[in-house]
């Protein structure tokens with residue numbers, strides 16, 4: 001289970017009787033309270049979800065395509081070149 005820390009915030013949850021029974025049975029099987037089980041499960045899923053947004057996996061073919069795009073020379077975008085020639089609205093003119 002997770003490390004103990006001070007719990008000061010409450011989260012209310014509405015669920016069906018069947019869902020509550022399933023969670024209660026799972027918590028009992030895991031030898032913990034329903035609150036502990038739900039919190040640990042939710043935090044584990046939250047971590048997985050956030051990890052999926054930060055990390056991606058590629059097979060060999062996808063990796064080769066990815067590396068080819070990274071290794072390719074940059075494309076010239078005239079609008080972007082023009083934008084870099086203009087002064088920034090955040091620059092202050094020193095006189």
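The values are calculated or read from the model by the stated rules, or taken from the named source; none is laboratory data. Since this is a predicted model, take the numbers as computed values, not measurements. Counting neighbours? That spans all protein chains shown, and the Cβs are built from the backbone with ideal geometry, glycine included.
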**Q.** Tabulated pairs, region 35-60, first under 28 Å from residue 14 (Cα atoms), second part of a helix (DSSP H, G or I) and at pLDDT below 95, C-beta under 6 angstrom, 6+ apart or interchain
**A.** none
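Quick grid of which residues meet (1) surrounded by 10 or more Cβ atoms within 10 Å (Cβ to Cβ); (2) modelled with pLDDT under 90:
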residue	(1), (2)
46	yes, no
53	no, yes
61	no, no
68	no, no
71	no, no
76	no, no
(Q) Which condition from (1) modelled with pLDDT of 95 or more; (2) in contact with a helix residue (DSSP H, G or I) (Cβ under 7 Å, 6 or more places away or on another chain) is the one that residue 16 breaks? (A) (2)
